[in-house]
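For reference, the structure is listed below as structure tokens.
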Amino acid sequence: MIRFGTSGWRAIIADQFTDANVRICVHAIANVIARGDRADRQVVIGNDTRFMSERFVHLAGALLAERGIATEMCDRPTPTPVIAFTVGKRQAAGAINFTASHNPPEYLGLKFSSGDGAPALPEVTREIEDEIRRVIETGAPAGTNSPAPSVEIDPSTDYLADLATKVDLDVIASSGLRIAYDPLWGTGRGYLDKALADRGVKVSTLHDWRDVYFGGRSPEPNETNCADLIASVRSGEFDLGLSTDGDGDRFGIIDRDGSFVAANDVLALLVDYLIETRAWDGDVARSVATSHFVDRVAAKHGRRVIETPVGFKYIGELINENKIVLGGEESAGLSIRGHVPEKDGILACLLVAEAVARRGATVAQMLASLRAELGTLVNRRIGVRLSEEQTARLRTRLESEDPSEIGGRRVERVDRTDGAKFLLENEAWVLMRPSGTEPLVRIYAEARTEEEVEVLLESGREFVSR
């Protein structure tokens, strides 16, 4: 069964991700669109830099054309947030995006965004899955091998113009910051670097070409994969390192001394910075897996925190409703008030650069100031691979078991917003959550020291492996 997780359907190319299965998915999505209130509008189709992704763009375009649904295809590999922006700008019916985001290079994916540009909500993905079952049962139309209608668009100009209204690029330029940028061979090249270069910022771009193998690793902007960027910053030639993942929706930040900055810390820093500089009303949203240090910063400014399940679609709703200043996830995704209801790594990186430039301080210095005022919390996660049978048993246990203690700490409350989050004494917590996109269970832990977090993670590993 083809299932849509937190960010659509992902599978290994030529194993499950095949022409036949893509045809099934596209026909199912077409059925859903045909029933909606935007059935007379076009669908935006885009892709990242993965192997064969353009082929699937043209296949989807041809299939939708046969169903009488107009399409506009992005003219080159395009960041996910840019596709989301384009849906809203063109008032499209939605978007089909062929991307596997930060997954390993052998994966490809199909993501459907609704007419507001946000990732499809669970009720929509369930409807798509229902249609997939019907298409499989009745047989997908054979389709055609004819090329899709050649309606191509360049979404970069409109997106970059809008981005310049959300980020003070002139402050970055006037500061004299020297910036290194690593798109990890992904779609961010020609977007983040162009936004800076057009304002006269000194920016040097690493891995500025397409490599469908992403250097032989996952295009995720974590500390390991950003090794080249870290080395560049440590050379002394740059003041800041910025990185985005394969489809440009996740961020990675390298401080002036070459240290990698955790996404949780970036979220807390930007909550503080945006509330201070933008004077926006509104609360803050974070996923259930994200550090409660964000809560401390929000409370400092008298703002409430809204906790959501994992999956940016839930935060996207709050963006669309104009309820929040910033919404983010520990997996390095965020968006802000008035922007797209989708993760935007390009925006996140530029906002960090703006904060560094305006405040004349490194990221570490700004975080040290926050911790001196609000205290310290340490947050880490691990992944544990389980069989399908083990995962099924774990899901049942997480829905019903209420242990009295974990890692020697009393369980004060259990939050089942997404998986099971055990809130412990002294502000510590452990979250256990089966992944929606990979065959593993993720365990998150937070406490006041590294040693306490290590104990909690190991206790979580023991729990899920039973």
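The values are calculated or read from the model by the stated rules, or taken from the named source; none is laboratory data. The shown structure was predicted, so the numbers you read here are calculated from the model rather than taken from an experiment. For neighbour counting, all protein chains shown are included, and Cβ atoms are generated from backbone atoms with ideal geometry for every residue, glycine included.
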Quiz item: For ASP295, are the conditions met, namely being surrounded by 21 or more Cβ atoms within 10 Å (Cβ to Cβ), at pLDDT 95 or above, of a type in the set (D, E, K, R) and farther than 17 Å from ILE336 by Cβ?
Solution: yes
Exercise. Examine the stretch 337-356 for a residue that is of a type in the set (Val, Ile, Thr) and free of Cβ contacts under 8 Å to residues at least 40 places away in the same chain, and state whether such a residue exists.
Key: no
Quiz item: How many residues, within the stretch 42-73, are within 20 Å of the chain's Cα centre (by Cα) and surrounded by 24 or more Cβ atoms within 10 Å (Cβ to Cβ)?
Solution: 7
Quiz item: What helices (runs of 4 or more DSSP H) completely inside the stretch 179-284 contain at least 1 residues that are at pLDDT 95 or above and over 23 Å from ALA361 (Cβ atoms)?
Solution: 192-197, 227-232
Quiz prompt | For VAL294: the one exception among (1) without any contact (Cβ under 8 Å) to a residue 40 or more places away in the chain; (2) more than 16 Å from ALA368 (Cα to Cα) | solution = (2)
Quiz item: Among ASP239, ASP198, ASP208, which is the only one that is assigned by TED's automatic domain parsing to the domain that holds THR277, loosely packed, with under 15 Cβ neighbours inside 10 Å and more than 30 Å from LEU108 (Cβ to Cβ)?
Solution: ASP198
